[in-house]
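Worksheet: the structure to be examined is printed underneath.
Just so you know, all these numbers are worked out from the coordinates, no wet-lab data involved. No experiment lies behind these values; they were computed from the predicted model shown. Neighbour counts are summed over all protein chains in view; Cβ atoms, including those assigned to glycine, are modelled from backbone coordinates with ideal geometry.
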Ligand SMILES: C[S@@+](CC[C@H](N)C(=O)[O-])C[C@H]1O[C@@H](n2cnc3c(N)ncnc32)[C@H](O)[C@@H]1O
């Protein structure tokens, strides 16, 4: 699989979730007309889904390669927090055996997407019905479950890995999930996420390791892997 099976509606969600995949012209239109018109008009009609498909697959493949050095996904239970359209999870699914994915996401698209820190965690850029269709059309069957962060009781079971790329502590505070994660992590669970404040997590976890740094003009971050919550 070098491409994913997607349609225009899914490609639109992808460029809202992964702003770096927006073309030069789409970014220009966003700047000229503002984020409201971009989110509700241009992102619906002026998108080239084939190009987005290629770029998304290739980005997710890079993400997979970055993680694959550290993680063996075979037979693991993975909790994905804010995985967007789950391109990474789909690639993991094709390259590993007996992996189970628990997905927690938002089930709405904000009228005016804000890409910075979201104090109240009100921003969402997903549609869980479309996500389900996308997963099934790309080879996931019976090995995933989806939870709506705002409306569902989150599952209380143990996970081997928690993955949250550019979501938890990148757009909204870790504290939204802290107590929940304490309940679903064992001493062997590894939590991987992107943050601009890795040192802060030395107070929260026994072990914190930086996997790599992402230098961007506005929002430079580090991807960290943590385990074992400190008591207190
Ligand atoms: C910048 S996108 C990143 C998507 C994906 N992880 C990726 O790397 O392409 C952030 C995602 O977090 C989701 N999100 C926001 N708040 C959330 C929450 N409290 N729980 C789960 N997902 C959330 C958004 O809907 C969005 O899909």
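Helix-derived [θ] at 222 nm for the chain: sum -39500 (n - 2.57) over DSSP H runs of at least 4, divide by residue count, nearest 500?
Here the helix-only value at 222 nm equals -9000 deg cm²/dmol.
Helix 8-17 against the longest principal axis of the chain: what's the angle in degrees, Cα atoms only, rounded to the nearest 10?
60 degrees
What residues from the stretch 139-164 fall in the zone where the backbone N is under 20 Å from a label point 7 Å along the Cα-to-C-beta line of residue 132?
139-156
How far is helix 49-68 tilted, in degrees, relative to the longest principal axis of the Cα atoms in the chain, given as a value from 0 to 90 rounded to the nearest 10?
In the chain, helix 49-68 runs at an angle near 20 degrees to the longest axis.
With a ≥ b ≥ c the root eigenvalues of the C-alpha gyration tensor of the stretch 86-204, is it rounded (a/c under 1.5), prolate (a/b larger than b/c) or oblate?
oblate
Apply the a/c threshold of 1.5 to the C-alpha gyration tensor of the stretch 43-96 and tell me whether it is rounded, prolate or oblate.
It comes out prolate by the Cα gyration axes.
Does the chain come out rounded, prolate or oblate, given a ≥ b ≥ c as the square roots of the eigenvalues of its C-alpha gyration tensor, rounded meaning a/c under 1.5 and, failing that, prolate meaning a/b above b/c?
The shape class here is prolate.
For the Cα atoms of the chain, what angle does the longest principal axis make with the long axis of helix 175-184, in degrees from 0 to 90, nearest 10?
Taking the Cα atoms of the chain, the angle to 175-184 is about 50 degrees.
How much length is gained if the chain between residue 51 and residue 207 is pulled fully straight, taking 0.36 nm per residue apart and subtracting their Cα-Cα distance, in nm to one decimal?
52.2 nm
Using r as the Cβ-Cβ distance of residue 143 and residue 187, and R0 as 35 Å, what FRET efficiency do you calculate, to the nearest 0.05?
That pair, residue 143 with residue 187, gives E of 0.90.
Of the peptides 49-55, 117-123, how do they stack up when ordered by the mean number of other Cβ atoms within 10 Å, highest first?
Descending packing order for the listed peptides: 49-55, 117-123.
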